[in-house]
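The values are calculated or read from the model by the stated rules, or taken from the named source; none is laboratory data. What you see is a predicted model, and the numbers here were worked out from it, not measured in a lab. Reconstructed Cβ throughout: ideal geometry from the backbone, glycine too, with neighbour counts over all protein chains shown. Note: accessible area is taken over every heavy atom of the protein model, side chains too, but ligands, DNA and RNA are not part of it. Shrake-Rupley method; radii C 1.70, N 1.55, O 1.52, S 1.80 Å.
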Amino acid sequence: MALIKKPMFSYSVVAEKSLLTCRYLAIIAAIAAPASTAVTSAACIAMLITWLMSGHVWQSLKISAGQPAGKILLLFFAWLIISSLYADTDWTDKISTLSSWKKLFYTFVLLGLFYPTQWKARFVYYYLAAMSLAAVMAVTLWLLDIQLSPNREIGIFMSNHSSQSLAFVVAALCCIFLLKESLSLWEKRLLVVMLALFLFNIFFISPSRSGYLALPVAAVFAIVNLYGYKKLPHILGITATALLLAVLTSSTLQQRIKLGWEEKTNYQTSEDITSIGIRVIFAQNTLELIQQKPWLGYGTSSFKNTYSAHVAAKYQDWRGAPASDPHNQYLFVWLENGLIGLLIFLAYIYTAIRQGATQQPYGAMGASVLVAIAVVSLFNSNFKTFPEGHLLAFFVGCLLAQQSANNTEKDSA
């Protein structure tokens, strides 16, 4: 019987290679997200191109739409578009704001591509390897007292201290879950060393208050997911003790907490903009505007014009400066898309966390990352900002992905 040789450049070969490349590009984008806007953008564009070339577009979209998180995402996308129709802004602003939500579109696409377990494992291990090298580099810079640029603190080399801290928070959460897996003794020791490196970076090198908040909350969620709610009192006690120890031993953490408290206390009399003070002003004025149109909001893309006009008529100092974001993801959604939009957005977070929590260990990792970002999004718009938004999008999309029962695709390892 004669052997049938597969043509080197047949469509099936191109499609298979394109799908393989698409998945690797997603991993590259996730690793680059906290550090390089250019690399991440290029990887995302290339990922979408190879996805389109793979011949799996319709099939992957069906898989995404069949998952609980995917269904809510479609509903949220639809409401964003509907909300844009009644916004009193031009179409350039509407398209720009809709484009800023593209991170959630990446999540939707990846939900239909990363359901094979081996790809989730690759995603996590490649990310951990890259972040381990990054953590060593950060510690080295810190020990040598090297400041790479005037606007970056010592030991910070990624986009900013918040991005770097949250990148290590995500890596630490991955370590927590992998320590429960059936690994060899040396592999678990290596994970412990990596975890210690990440924790040192988060609490002793980085001045990011986002990291200080995100890790304890997400770690409690992760450990409860692993050991059950019956252990919650013990988990809370251990976490509180560890956090107290970090506060007592880290001068960086102490200084940031002290500064934050002073900014909160003196924001009404301060002559200059402060990180905490401006957030308080954002929240107060955004809530005032929300009270006027609580149900439907002012429409997608309306925040900048609506907020800026409101504060310009109210203040004569730094508080009257225009702003395009309230540094609170939930208030942003509520003002632009109303209570309806906010409830859909919260439903997505809840549904995604629930979907991930049932998939050990990778889905639960993704759910923990979502918890971490959801918490700090009370003080930032992390779902939309470039570094954190992309990191979140890829972790949730890749690690929460579920294979459809009707899917018959056979993936190569």
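If amide hydrogens are placed 1.01 Å from N in the peptide plane, which non-local residues have theirs closer than 5 Å to the one on Gln359?
It is Ala364, by chain and number.
Quick one: if you stick a label point 7 Å off each Cα along the C-beta vector at Leu245 and Leu74, how many nm between them?
Roughly 4.8 nm, to one decimal.
Helix-only estimate, please: 222 nm mean residue ellipticity of the chain, summing -39500 (n - 2.57) across DSSP H runs of length 4 or more and dividing by its residues, to the nearest 500. Mind dumping the intermediate values first?
Numbers: 17 runs with 287 residues, N = 413.
My calculation for the chain gives -23500 deg cm²/dmol from helical runs alone.
Of Lys103/Lys264; Lys71/Lys102; Lys120/Lys230; Lys71/Lys103; Lys62/Lys94, which pairs sit farther than 20 Å apart, going by alpha carbon to alpha carbon?
Those over the limit are Lys103/Lys264; Lys120/Lys230; Lys62/Lys94.
Mind running the shape call on segment 137-187? Use the C-alpha gyration tensor, a ≥ b ≥ c as the square roots of the eigenvalues: rounded below 1.5 for a/c, prolate if a/b tops b/c, oblate otherwise. Mind showing how you got there, number by number?
Details: a/c = 5.60, a/b = 2.21, b/c = 2.54.
Taking the square roots of the gyration eigenvalues as a ≥ b ≥ c, segment 137-187 is oblate.
Let me check something: with ligands and nucleic acids excluded, how do Phe200, Phe76 order by accessible area (1.4 Å probe), largest to smallest? The partial results should precede the final answer.
Working: Phe200 65, Phe76 5 Å².
The most accessible residue leads, giving Phe200, Phe76.
Tell me, what is the per residue accessible area of the chain in Å², probe radius 1.4 Å? The partial results should precede the final answer.
On the way: 19390 Å² over 413 residues.
Result: 47 Å² of accessible area for each residue.
Where in the chain lies the longest segment free of GluC sites (Glu not before Pro) that are both loop residues by DSSP (not H, G, I, E, B) and have at most 16 other Cβ atoms within 10 Å?
On the way: sites that count: Glu181, Glu271, Glu409.
It works out to 1-180.
Starting from the Cα of Asn266, step 7 Å along the direction of its Cβ; do the same at Trp91; then give the gap between the two resulting points in nm.
5.0
Between rounded, prolate and oblate, where does segment 4-123 land on the alpha carbon gyration tensor, with a ≥ b ≥ c its root eigenvalues, rounded for a/c under 1.5, else prolate if a/b exceeds b/c? Please report the intermediate quantities before stating the final value.
Values: a/c = 2.02, a/b = 1.73, b/c = 1.17.
Verdict is prolate for segment 4-123.
Quick one: 3J(HN,Hα) in Hz for segment 285-293, Karplus 6.51/-1.76/1.60 with θ = phi - 60°, rounded, Gly and Pro as x.
Using θ = phi - 60°, the values come out as 6, 5, 5, 4, 5, 4, 4, 7, 9 Hz.
Rounded to the nearest percent, how much of the accessible area of the chain (1.4 Å probe, protein heavy atoms only) is carbon and sulfur?
On the way: 12960 of 19390 Å².
Carbon and sulfur atoms account for 67 percent of the accessible area of the chain.
Residue by residue through segment 165-177, what is 3J(HN,Hα) from phi via Karplus (6.51 cos²θ - 1.76 cosθ + 1.60, θ = phi - 60°)? Round to whole Hz and write x for glycine and proline.
Taking θ as phi minus 60°, the curve returns 5, 5, 4, 6, 4, 4, 5, 4, 5, 4, 4, 4, 6 Hz for segment 165-177.
For segment 244-387, what does the alpha-carbon gyration tensor say about shape, rounded, prolate or oblate, given a ≥ b ≥ c as the root eigenvalues, a/c under 1.5 as rounded, and a/b over b/c as prolate?
Details: a/c = 2.93, a/b = 1.14, b/c = 2.57.
It is oblate, given that a/c is not under 1.5 and a/b is not larger than b/c.
Please return the longest stretch of the chain lacking exposed loop sites, where trypsin sites (Lys or Arg not before Pro) count only if DSSP places them in a loop and at most 13 other Cβ atoms lie within 10 Å.
On the way: sites that count: Lys5, Lys314, Lys410.
The segment 6-313 is the longest one with no such site.
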